[in-house]
Every structure is written in structure tokens, then in C-alpha cells.
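*Asks:* Can you keep this structure in mind? I'll have questions shortly.
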């Protein structure tokens with residue numbers, strides 16, 4: 001039921017014009033909510049802009065990575081990229097995550113000696129933890145990932161416990177309670193030039209005018225919209241001429257065979273019959289990536305973002321695979337973190353499960369991005 005409702009909402013949210021009378025009626029109801037939501041966003045931003053709401057300054061530099069929309073812009077891969085750049089500059093980095101879908105209490109994770117450490121204790125099973133902090137911990141071995149709704153509190157912990165000199169704030173553009181030294185805002189390259197509607201009518205958390213707060217604007221998945229990229233860049237620059245404008249893509253780097261632990265080149269997916277499983281912010285982008293690798297996509301089971309898989313989902317997936325006989329079920333890393341605990345031994349099923357691993361690559365503006373990060377300590 002939730003999947004049906006989510007899919008129906010997303011179809012309406014990304015329509016600029018309703019396509020039927022029923023769509024128009026639903027959009028009218030959602031638009032009333034959008035007006036109230038936008039008023040609340042404008043009031044909250046005004047409170048911080050004019051100093052009515054108090055901001056907290058950490059005893060370290062803060063780099064925020066965020067976006068204007070709900071999901072789908074590739075934020076986790078960008079957080080990893082920014083953290084790696086700061087580590088390469090010799091900084092002591094910590095990541096501050098909201099940890100959506102995980103425990104509500106504050107905690108920290110770190111990948112050390114091929115083990116996931118949570119609050120100082122090795123974890124045999126990470127079941128129940130949020131997916132994004134787990135992935136960041138694995139990909140940024142040794143870097144502490146602190147999880148909690150109050151990023152000012154987890155940021156203070158990072159400075160106190162890990163001697164952090166720069167905190168990377170994951171999904172932080174709207175988290176204005178915490179002062180930041182650099183605001184990096186991601187914009188999906190398929191966004192219409194005037195943006196989408198505000199929540200709940202559309203997927204926008206803030207209007208395009210909020211880009212005035214940005215220090216760096218990254219157009220993500222730029223390789224998917226090369227024909228309209230230049231016009232979108234000019235549109236975004238009209239809101240902020242001083243921000244660095246960067247373009248990036250999400251490139252497949254490995255296919256992990258979960259049953260054996262071996263990896264293969266993504267190019268070997270060409271001609272392979274696969275079924276897709278995802279519960280991410282941009283399922284269309286995932287499928288488009290797989291199709292560009294020339295895999296033969298038989299079907300795609302797409303669940304709402306951060307969906308918590310249950311054993312029944314594996315049973316339904318296995319039944320569909322038995323009917324259609326794919327050579328593999330292909331999923332994303334974030335999905336595998338949530339899906340694996342519910343299926344037991346991945347090699348015991350009738351069809352193998354593979355994981356497509358991707359990373360963010362900068363296409364243009366890399367030197368300017370590095371310079372912006374380095375300048376944080378030149379003040």
C-alpha cells in the first residue's frame with residue numbers, strides 16, 4: 001500500500017501540469033498544503049537570516065552537503081567525495097548524519113579492522129542501523145560517523161571525542177541551527193529550469209531562491225542531461241553569481257557478487273538478464289544507469305526511499321525471479337545494507353543477488369571546489 005501511495009505521489013509531484021481531471025483534483029488538494037509549507041519555510045529562513053533564531057557555532061569548521069529536494073540527488077556519494085577531499089588535505093574529518101530510518105538516540109560508527117564499531121563496540125549484525133551512516137563508515141574507514149537529529153550536539157561530541165577539525169554535515173542545507181563555513185547544494189540536472197513545486201505538491205523543500213545561501217552548487221548526474229545542462233546552469237547562476245558551479249556524474253565502479261564476495265567490471269552486465277530492486281530517492285536514475293550498461297532489465301521492484309525490508313519481500317522477490325528467470329537480481333549498496341539481514345545466506349537462493357557500486361566523479365569545477373575547501377583555513 002505504501003509503495004502504491006508513494007508512486008502515485010511521485011508521479012503527481014514531478015508533473016508540471018496535471019494530465020487528467022483526477023490528477024488536477026489531487027494536485028489542487030496538495031497545492032493548498034504547499035502554500036502553507038512554503039510560508040513556514042520562508043518564516044523559518046527569515047528567523048535565521050535576521051538573527052531571531054539562535055545558531056550554534058562548533059569549535060571546528062563545518063561543511064554542509066544538502067539539496068533543495070527530497071532525495072534523488074546523490075547526496076551520500078557527495079558526502080563521501082567531500083570527506084575524501086578534506087582527508088587528502090590533511091584534515092581530521094567527522095561526518096554528522098541524521099540517520100533517517102535508524103535508532104533515534106545519538107551514536108557513532110566507525111569501520112576499523114574490517115569490523116563495524118558502534119559506540120566503541122564491534123557489531124556482529126548491523127540490523128536496525130540506518131543505511132547511509134553504515135555505507136559512509138565502510139567507505140571512509142577510520143572516519144567517525146556521528147548520528148543524531150541534533151547535529152550541534154553530535155558535532156560537539158565529534159570535537160570532544162575525536163579531535164575533529166572539520167565536520168561534514170550530511171543533508172544539512174535545511175539544518176540551519178548549526179552554523180556552517182561552506183554550504184554545498186546539490187541540484188539534480190533533470191530539474192526543470194523553474195524548479196518543481198514545493199512539498200507536498202512537488203518534491204521541493206525550498207525554492208530556488210534559497211540558492212543565495214550556497215557557496216558551491218553541484219549539478220549532479222550531469223551526464224544524463226547534457227542537452228539542457230547549460231541553460232540550467234545559467235538559471236541557477238541568476239540566483240547566485242558568487243557560488244562555485246560544479247558538474248558531476250555518478251559512475252558505476254564495481255558489481256559485487258554477494259554470494260562469493262567477488263567483484264566484476266560493470267561492463268560485464270552487457271546482455272545479462274537482470275531484475276532490479278531499489279528503495280532510493282531516484283529509482284529511475286538507477287534503472288537508467290543499468291540500461292546504459294546494456295543489461296537486459298526484465299523488471300524493477302521499486303519501493304519508497306529508506307524502505308525497511310522484511311522477509312516477506314525476499315519471498316515475493318524470489319517468486320518473481322522464479323517466474324521470469326533473471327541471471328541475477330541487481331540492487332544498490334544502500335538497499336543491500338537494509339535487505340541483507342532479512343534474507344540470510346545470499347548464496348542459498350535460486351538466483352544470485354548482485355550490488356551495483358557507484359561513486360561521484362567531478363566533470364567540471366574540481367579545482368575550484370578544492371580551492372573553496374582549502375580556503376576555509378585561510379580566513
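The values are calculated or read from the model by the stated rules, or taken from the named source; none is laboratory data. Please read all numbers here as calculations on a predicted model, not as lab measurements. Using ideal geometry, Cβ is built from the backbone for each residue, glycine included, and neighbour counts are taken over all protein chains shown.
*Asks:* Let me confirm something: among 140, 146, which residue is surrounded by fewer than 22 Cβ atoms within 10 Å (Cβ to Cβ), within 21 Å of the chain's Cα centre (by Cα) and at pLDDT 95 or above?
*Replies:* The conditions single out 140.
*Asks:* Another one. Which condition breaks for residue 320 when tested against (1) within 29 Å of residue 11 (Cβ to Cβ); (2) at pLDDT 95 or above?
*Replies:* Answer for residue 320: the failing condition is (2).
*Asks:* Also, quick follow-up: Those residues that are part of a loop (DSSP other than H, G, I, E, B) and farther than 19 Å from residue 297 by Cβ, I need them from the stretch 259-283; list them, please.
*Replies:* 259, 260, 261, 262, 281
*Asks:* Select, from 247, 331, the only residue that is assigned to a strand (DSSP E or B), under 20 Å from the mean Cα position of the chain (by Cα) and more than 26 Å from residue 134 (Cβ to Cβ).
*Replies:* 247
*Asks:* Have a look at 116, 87, 140, 135 and point out the one that is closer than 25 Å to residue 179 by Cβ and in contact with a helix residue (DSSP H, G or I) (Cβ under 8 Å, 6 or more places away or on another chain).
*Replies:* Going through 116, 87, 140, 135 in turn, just one is closer than 25 Å to residue 179 by Cβ and in contact with a helix residue (DSSP H, G or I) (Cβ under 8 Å, 6 or more places away or on another chain): 140.
*Asks:* On to the next question. On the given criteria, is residue 379 modelled with pLDDT under 90, closer than 30 Å to residue 215 by Cβ and surrounded by fewer than 17 Cβ atoms within 10 Å (Cβ to Cβ)?
*Replies:* yes
*Asks:* Additional query: From 47, 24, which residue is part of a helix (DSSP H, G or I) and either at pLDDT 90 or above or on the phi > 0 side of the Ramachandran plot (or both)?
*Replies:* 47
*Asks:* Given the condition touching a residue at least 60 places away in the same chain (Cβ under 8 Å) and either under 20 Å from residue 13 (Cα atoms) or in a loop (DSSP other than H, G, I, E, B) (or both), answer yes or no: does some residue in the stretch 228-240 qualify?
*Replies:* No.
*Asks:* Let me confirm something: among 39, 53, which residue is surrounded by fewer than 16 Cβ atoms within 10 Å (Cβ to Cβ) and in contact (Cβ under 8 Å) with a residue 40 or more places away in the chain?
*Replies:* 53
*Asks:* So, in the stretch 87-108, how many residues would count as being surrounded by fewer than 24 Cβ atoms within 10 Å (Cβ to Cβ) and in contact (Cβ under 8 Å) with a residue 60 or more places away in the chain?
*Replies:* Number satisfying all stated conditions: 6.
*Asks:* Among the residues in the stretch 328-346, are any modelled with pLDDT under 95, surrounded by fewer than 20 Cβ atoms within 10 Å (Cβ to Cβ) and under 30 Å from residue 182 (Cβ atoms)?
*Replies:* no
*Asks:* Which of the residues belonging to the stretch 181-204 are modelled with pLDDT of 95 or more and surrounded by fewer than 23 Cβ atoms within 10 Å (Cβ to Cβ)?
*Replies:* Within the stretch 181-204, 181, 182, 183 meet the criteria.
*Asks:* Hey, another quick one. Here's a check for you: in the stretch 205-224, which residue that is part of a strand (DSSP E or B) and touching a residue at least 60 places away in the same chain (Cβ under 8 Å) is surrounded by the most Cβ atoms within 10 Å (Cβ to Cβ)?
*Replies:* Out of the qualifying residues, it is 218.
For every residue, the table says whether it meets (1) touching a residue at least 60 places away in the same chain (Cβ under 8 Å); (2) assigned to a loop (DSSP other than H, G, I, E, B); (3) touching a strand residue (DSSP E or B) at 6+ places or on another chain (Cβ under 7 Å); (4) farther than 22 Å from residue 218 by Cα.
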| site | (1), (2), (3), (4) |
| --- | --- |
| 81 | yes, no, yes, no |
| 117 | no, no, yes, yes |
| 125 | yes, yes, no, yes |
| 137 | no, no, yes, yes |
| 155 | yes, no, yes, yes |
| 172 | yes, yes, yes, no |
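*Asks:* Kindly evaluate residue 109 against the criterion of being in contact with a strand residue (DSSP E or B) (Cβ under 9 Å, 6 or more places away or on another chain), closer than 25 Å to residue 150 by Cβ and in a strand (DSSP E or B).
*Replies:* Details: in contact with a strand residue (DSSP E or B) (Cβ under 9 Å, 6 or more places away or on another chain): yes; closer than 25 Å to residue 150 by Cβ: yes; in a strand (DSSP E or B): yes.
Yes, satisfied.
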